[in-house]
1. Considering only LYS197, LYS32, LYS71, give the residue with the highest GNM mean-square fluctuation for the chain, with springs between Cα atoms whenever their separation is below 10 Å.
2. Given a 1.4 angstrom probe, I'd like the percentage of the accessible area of the chain that is carbon and sulfur, rounded to a whole number.
3. Hey, rough spin-label estimate for LEU251 and LEU96, points 7 angstrom out along Cα→Cβ, what's it come to in nanometres?
4. What full-extension length gain, to one decimal in nm, is calculated for ASP206 and ASN49 as 0.36 nm per residue of separation minus the Cα-Cα distance?
5. How far apart, in nm, are the 7 Å Cα→Cβ label points at LEU214 and ASP152?
6. Take every DSSP beta bridge with both residues inside the chain and express the antiparallel ones as a percent of the total, to the nearest 5.
7. Taking the solvent-accessible surface of protein heavy atoms with a 1.4 Å probe, what is the per residue accessible area of region 8-268 in Å²?
8. With a cap of 10 neighbouring Cβ atoms within 10 Å, and only residues DSSP puts in a loop, list the chymotrypsin sites (Phe, Trp or Tyr not before Pro) found in region 135-244.
Amino acid sequence: MNRVQGKVALVTGGASGIGLSTAQLLAKEGAKVVIADFNVDGAKEAAENIKSQGGEAVSIFLDASKEESIKEAVEFTVDHYGSLTVLYNNVGMTNLKKDLDVVNMDLDEWDRLMNVNTKSVLLGSRFAIPHMIKAGGGSIINTASMAAFASDSVRSAYGASKAAVVQLTKYIATQYGRDNIRCNGVAPGLILTPAAKNNLPPALLDIFGKYNALPYHGEADDIGNTVLFLASDESKFITGQTIQVEGGHYLANPTVPDFKELMKKSQQA
Ligand SMILES: NC(=O)c1ccc[n+]([C@@H]2O[C@H](COP(=O)([O-])OP(=O)(O)OC[C@H]3O[C@@H](n4cnc5c(N)ncnc54)[C@H](O)[C@@H]3O)[C@@H](O)[C@H]2O)c1
């Protein structure tokens, strides 16, 4: 209890999935939380749920593709709770239909993903940092993705936009560390958010499972708990890092599962 007592957190994309889990965990550990989301009803419901469990939260509409809307969410947080000391830049989107390989991808989609996934991190941080300096410091956490570190046959824009988030995280940490502001990232592997659980076919989950070092899949709380740690003073000497939360999926030589199977077959023969 009270791991982030006294902190004021703005969580973007907090109405569902990873953002929702994080908002709940931050509130449970004593933070005052602003849940900002496109899905204004979902954000309101999330804040009401937190309040019904004794936490402190409020919601606001956010369109993370728009500079003015991001500014409004930051200003609202400071007006409502008097300061802003934790910013979780979590909104991100992907599009499997238009974000394809380099030759075939839709260029408008490239711009859209760079805007929503990367520029929103820049803008959230740009508007929050002066308030954090006034408050004596703060912690900015950005949601990247393992797509920032490992490439794919499609989703070129998504991967590039998240790689930019990883690098931007380091720049913010470098530029504002002396103001007592830390900036870190979290890079989720496949995370079974409630939406993902409902939508992903079992065959796809089996493929993922085959390559995880651990015998289970990631859940939203696995990211939420990492963000909670990065928001708290427990991580006070960590900055500029992006923590990979991916069950060891990308850890080893990719041939390991196939090699194991081959060994098993040759032992049986
Ligand atoms: N779930 C995964 O497996 C996974 C893996 C790697 C990275 N991520 C990243 O984690 C973050 C959260 O993903 P999630 O799986 O929880 O997604 P989600 O779809 O469950 O939640 C995203 C939330 O963001 C909101 N949102 C989307 N676009 C918005 C916008 N322009 N303005 C304001 N709100 C907006 C949605 O309404 C939703 O509530 C994203 O940045 C995503 O890229 C997720």
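1. Largest GNM mean-square fluctuation: LYS197.
2. Solvent-exposed carbon and sulfur of the chain make up 54 percent of the total.
3. 2.7
4. Contour length minus Cα-Cα distance gives 53.2 nm.
5. Taking the simple label geometry, LEU214 and ASP152 are separated by 2.1 nm.
6. Roughly 0 percent of the beta bridges in the chain run antiparallel, per DSSP.
7. Details: 13290 Å² over 261 residues.
Result: 51 Å² per residue.
8. TYR216, PHE237
The values are calculated or read from the model by the stated rules, or taken from the named source; none is laboratory data. The structure presented is a predicted model; accordingly, all values stated were derived computationally and were not measured. No Cβ is skipped: glycine too gets one built from the backbone with ideal geometry, and neighbour counts run over all protein chains shown. The area values use the complete protein model at the heavy-atom level, side chains included, leaving out ligands, DNA and RNA. Shrake-Rupley method; radii C 1.70, N 1.55, O 1.52, S 1.80 Å.
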